[in-house]
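The values are calculated or read from the model by the stated rules, or taken from the named source; none is laboratory data. Fair warning: this is a prediction, and the values are worked out from it, not measured in the lab. We place every Cβ from the backbone using ideal geometry, glycine too, and count neighbours over all the protein chains shown.
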């Protein structure tokens, strides 16, 4: 192993070590301070519920540690061992076309990753989620979802990879911008068709039955300057008792989807407050801003990958026998993930800032900060959220501000 490769290995272990240390500190922080009921939660969370919240977070944390250990072991054997070289030689030795070889290289890897992570998915669904009263799906429904997800992801990945590798082979010296543009169009296309083609494969969407609530929602969105075409209820309770709501659609016309579990457990003013928060993301153009930032990063990343794959620096560095385009792209992506890690707290900070702005917009729109506070408290209690996350964990993993801080601010308005 060359000194350069040893340095990359050290960086990889440092990244994974940092992630695990932050997770361990978070769980330790919860065990020390998790007995305290935060301000605003006193009438909603008693000690048995607080204990259940702690236990749920700890159970998920332990599962994440085991999953992280498996991922590290697989990466060490595959990237830094000889498995990648053997796998690359096998793909190249079949004499398939360059496009087909690239497609199968990544699809086979995706299937292997799915096989490795399936036991964790089963354990989480039928042990952790079952133990804490969230799971409602049967093993038959889980298997049906598994098959549909496998087929759908394979088709979409195959189409995406076919376009990418065809463009790379058609324009070997200048594919950077063309591939970036193709990926952007593919992303926008999937965002557009997902509510009409993909999501109905897994859930049933029906027009909301409560017409009074529907009118309140449409009036609220009209007040926010948004046009809502339909308000749907989704049968989330078929799989879980977790509640949620979201907007979908591209352009001025939006669809609102409410989980049936959310409608069952929330009052109308709380549901309206949650939707006002989501409307804030649209009015503040958070979705567009995030898309622009992500595409700028994607543009830079694709051009960095283009530069790296022009020569054989990656092939020589990782000791591959054959300089295939697909293996060089994989290694470029691996190095890119290591370089991106230090910037993760910056990304989550911007996301949390957007959430604060959406909360402020919701309060201005509805004029009832306590309704949003109650909605957040109810969601946190019903979903067994961690009420005492460590600041380090928040910095690396929280796209939303800690629940207690949001509630404290709302109650102080």
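Would you say residue 196 is without any contact (Cβ under 8 Å) to a residue 24 or more places away in the chain and assigned to a helix (DSSP H, G or I)? Step through it out loud before you land on a result.
Details: without any contact (Cβ under 8 Å) to a residue 24 or more places away in the chain: yes; assigned to a helix (DSSP H, G or I): yes.
Here the answer is yes, as residue 196 does meet what is asked.
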Practice problem: Considering every residue within region 255-274, establish whether at least one is assigned to a strand (DSSP E or B), touching a helix residue (DSSP H, G or I) at 6+ places or on another chain (Cβ under 8 Å) and loosely packed, with under 14 Cβ neighbours inside 10 Å. | Solution: no
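For residue 387, state whether it is crowded, with 21+ Cβ neighbours inside 10 Å, out of contact with any strand residue (DSSP E or B) (no Cβ under 6 Å at 6 or more places or on another chain) and not in a helix (DSSP H, G or I).
Working: crowded, with 21+ Cβ neighbours inside 10 Å: yes; out of contact with any strand residue (DSSP E or B) (no Cβ under 6 Å at 6 or more places or on another chain): yes; not in a helix (DSSP H, G or I): yes.
Judged against the criteria, residue 387 is a match.
Might you let me know whether region 302-314 holds any residue that is assigned to a helix (DSSP H, G or I) and within 22 Å of the chain's Cα centre (by Cα)? Step through it out loud before you land on a result.
Pass one, region 302-314, residues assigned to a helix (DSSP H, G or I): 302-310, 313-314.
Restricting the remaining residues to those that are within 22 Å of the chain's Cα centre (by Cα) gives 302.
The answer is yes; a qualifying residue exists.
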Exercise. Scan region 296-324 and report the pairs whose first residue is in contact (Cβ under 8 Å) with a residue 40 or more places away in the chain and on the phi > 0 side of the Ramachandran plot and whose second residue is surrounded by 14 or more Cβ atoms within 10 Å (Cβ to Cβ) and part of a helix (DSSP H, G or I), with Cβ atoms within less than 8 Å and a gap of 6+ or a chain change.
Key: 319/5; 319/85
Exercise. State whether one or more residues within region 146-159 are within 29 Å of residue 281 (Cβ to Cβ) and surrounded by 15 or more Cβ atoms within 10 Å (Cβ to Cβ).
Key: no
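Take residue 380 and tell me if it is closer than 30 Å to residue 4 by Cβ, assigned to a helix (DSSP H, G or I) and within 21 Å of the chain's Cα centre (by Cα). Outline the logic, then answer.
Numbers: closer than 30 Å to residue 4 by Cβ: no; assigned to a helix (DSSP H, G or I): yes; within 21 Å of the chain's Cα centre (by Cα): yes.
So residue 380 fails the test.
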Self-check item: Checking residue 229 against (1) out of contact with any strand residue (DSSP E or B) (no Cβ under 8 Å at 6 or more places or on another chain); (2) modelled with pLDDT under 90, the condition it does not meet
Solution: (1)
Self-check item: From 224, 162, residue being in contact with a helix residue (DSSP H, G or I) (Cβ under 7 Å, 6 or more places away or on another chain), more than 30 Å from residue 240 (Cα to Cα) and at pLDDT below 90
Solution: 224
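From 71, 55, grab the single residue that is under 21 Å from residue 114 (Cα atoms) and either in contact with a strand residue (DSSP E or B) (Cβ under 9 Å, 6 or more places away or on another chain) or at pLDDT 90 or above (or both). Step through it out loud before you land on a result.
Values: 55 fails: under 21 Å from residue 114 (Cα atoms).
Of 71, 55, the one residue that is under 21 Å from residue 114 (Cα atoms) and either in contact with a strand residue (DSSP E or B) (Cβ under 9 Å, 6 or more places away or on another chain) or at pLDDT 90 or above (or both) is 71.
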